[in-house]
Amino acid sequence: MCMMRKMILSGFIISVSVLAYGQSSLTIDTCYTLARQQYPLIKQMGLIEKTKEYSVSNAAKGYLPQVNFNGQATYQSAVTSIPINFTIQGTKFSIPTPTKDQFNVHGELDQTIYDGGMIKQQKQSQEVNADIQTQNINVQLYALKDRINQIFFGALLINEQLKQNDVTQKDLQNNVDKMQANVTNGTALASSLDELQADLIQQQENEISLKASRKAYLDMLSIFINRPLDENTILTTPPNVSVSDSIRRPELSFYEAQKKNDDVQNKLLSAGTRPKFSFFFQGGYAMPGLNGFDVDPAAYYITGFRLSWSLGNYYTLKNQRQLLNIDRQGIDIQKEDFVFNTRINIKQQSADMVKIAQLISKDNDIIGKRTKVKEAAKVQMDNGALTVHDYISDLDAEDAAKQNLLLHQVQLLMDQYNYQNTSGN
């Protein structure tokens, strides 16, 4: 409910923003949420839940009375007969002989009293199987974050590069305007103006390429989140996140669910070796009936308790449990391998973040130096002590240094979120 309120509030804020400024903002967390909601595989979650409900309900119906109807009509080549005839006080007596054609139609009700825990474990087995399927889907959906990270931070980097490109163009345009005035006044060569204008056009070409790349990224992101995105969409720069080396990936829950299933299967094996106790009632119509001395059709009933205990399950019980134990060991090995590889990735990503943080520090130093060189070159160019070509070289060097800083800043952010995604935190 709290998450729903947050989503409604976020939607309201975005709507107000669109109405007020004609723009919309988008955070990476929103992309995660929308991508998960829109991904086709998420529909499988509902199907799994429904399947679990029906399966558990079916298993629970084992406690309900079971009713069966049976009937048969037969003709047999011989019947039991007792050829005894006698007379008592003038009255003849004889034991009747059944006819060779007989029938029996009856219904039987059977109510389980004790089943050794079989039904209970069957219900748990269905629940655990549903949990395994759910966790498997969570693992697949979790991989979406990596794809969103690549697209979102790729678009974010281009946005920052476009901002820097705009600053460079304005700087160049300012110099073009000044040079135009100098050429008009005859204090500068037209070739100097051409060189500045050529570099400005080059920056405009870079802008076109960057905008095309940004559109491609936004189009891909739009497909993942099922929301229209355009050049007015503002990608909110995510905050820096703290990193932790603890592992909380959904794969771990998947492995635990598999081991829990082995536990349930072990309990099912135990339940299969226990005796079963039930109450039954049978009623029918047969010829002959229960009275062997009455050959006429008659209704009858039989009621009582039934005990069954199959000892055959003991023959394979030990081997079945060994198989379950082997399966658990296999799951533990898979989990250990996953954790091992994940920790290696975490260590590598941690080292990369330390390296990029150091590069950012150096980038700031380089930019400070390049800016001073460019400003000195501009003064020299204005005074005629430096050629336009040399000034453009210094300007491009400063721009390249700033581009490197932007690249490293966004890369550090992306590495933080990738690290967070790798560790599951």
Legend entry - Residues located in region 95-116, provided they are small (Gly, Ala, Ser) and closer than 26 Å to Leu311 by Cα: Gly116
Inset, instruction - Could you check Ala59 against (1) closer than 23 Å to Arg306 by Cα; (2) of a type outside the set (Lys, Arg); (3) exposed (fewer than 14 other Cβ atoms within 10 Å of the Cβ) and say which number it fails? - result: (3)
Inset, instruction - With the condition kept exactly as written, say whether any residue in region 378-391 is touching a helix residue (DSSP H, G or I) at 6+ places or on another chain (Cβ under 8 Å), assigned to a helix (DSSP H, G or I) and over 20 Å from Ala198 (Cα atoms). - result: yes
Inset, instruction - Take Asp332 and decide whether it is of a type in the set (Asp, Glu), farther than 30 Å from Pro275 by Cβ and either outside any helix (DSSP H, G or I) or under 32 Å from the mean Cα position of the chain (by Cα) (or both). - result: yes
Inset, instruction - Would you confirm whether any residue within region 290-311 is open to solvent by less than 40 Å² (accessible area, probe 1.4 Å), assigned to a helix (DSSP H, G or I) and not acidic (Asp, Glu)? - result: no
Inset, instruction - Run Thr237 past the list (1) at pLDDT 90 or above; (2) surrounded by fewer than 17 Cβ atoms within 10 Å (Cβ to Cβ) and report the number of the one that doesn't hold. - result: (1)
Inset, instruction - Would you point out which residue out of Val183, Val243 is outside any helix (DSSP H, G or I) and surrounded by 12 or more Cβ atoms within 10 Å (Cβ to Cβ)? - result: Val243
Inset, instruction - Would you be able to say whether some residue in region 218-234 is open to solvent by 30 Å² or more (accessible area, probe 1.4 Å), in contact (Cβ under 8 Å) with a residue 60 or more places away in the chain and among the hydroxyl-bearing types (Ser, Thr, Tyr)? - result: no
Inset, instruction - Could you please give the count of residues in region 262-274 that are in contact with a Ser or Thr (Cβ under 7 Å, 6 or more places away or on another chain) and either open to solvent by less than 30 Å² (accessible area, probe 1.4 Å) or part of a loop (DSSP other than H, G, I, E, B) (or both)? - result: 1
Inset, instruction - Residues being farther than 30 Å from Leu317 by Cβ and not in a strand (DSSP E or B): count how many of those fall in region 275-289. - result: 2
Inset, instruction - Looking for whichever is closer than 29 Å to Leu311 by Cβ, part of a helix (DSSP H, G or I) and in contact (Cβ under 8 Å) with a residue 12 or more places away in the chain here; the options are Ile137, Ile119, Ile148, Ile158. Which one fits? - result: Ile119
Inset, instruction - State whether the residues of region 335-358 include one that is more than 21 Å from Lys163 (Cα to Cα), of a type in the set (Phe, Trp, Tyr) and surrounded by fewer than 18 Cβ atoms within 10 Å (Cβ to Cβ). - result: yes
Inset, instruction - Could you tell me whether Asn70 is closer than 30 Å to Gly116 by Cβ and either loosely packed, with under 12 Cβ neighbours inside 10 Å or without any contact (Cβ under 8 Å) to a residue 60 or more places away in the chain (or both)? - result: yes
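The values are calculated or read from the model by the stated rules, or taken from the named source; none is laboratory data. Note that this is a predicted model, so its numbers are computed, not measured. Reconstructed Cβ throughout: ideal geometry from the backbone, glycine too, with neighbour counts over all protein chains shown. The accessibility values were calculated without ligands, DNA or RNA, using every heavy atom of the protein model including side chains. Shrake-Rupley method; radii C 1.70, N 1.55, O 1.52, S 1.80 Å.
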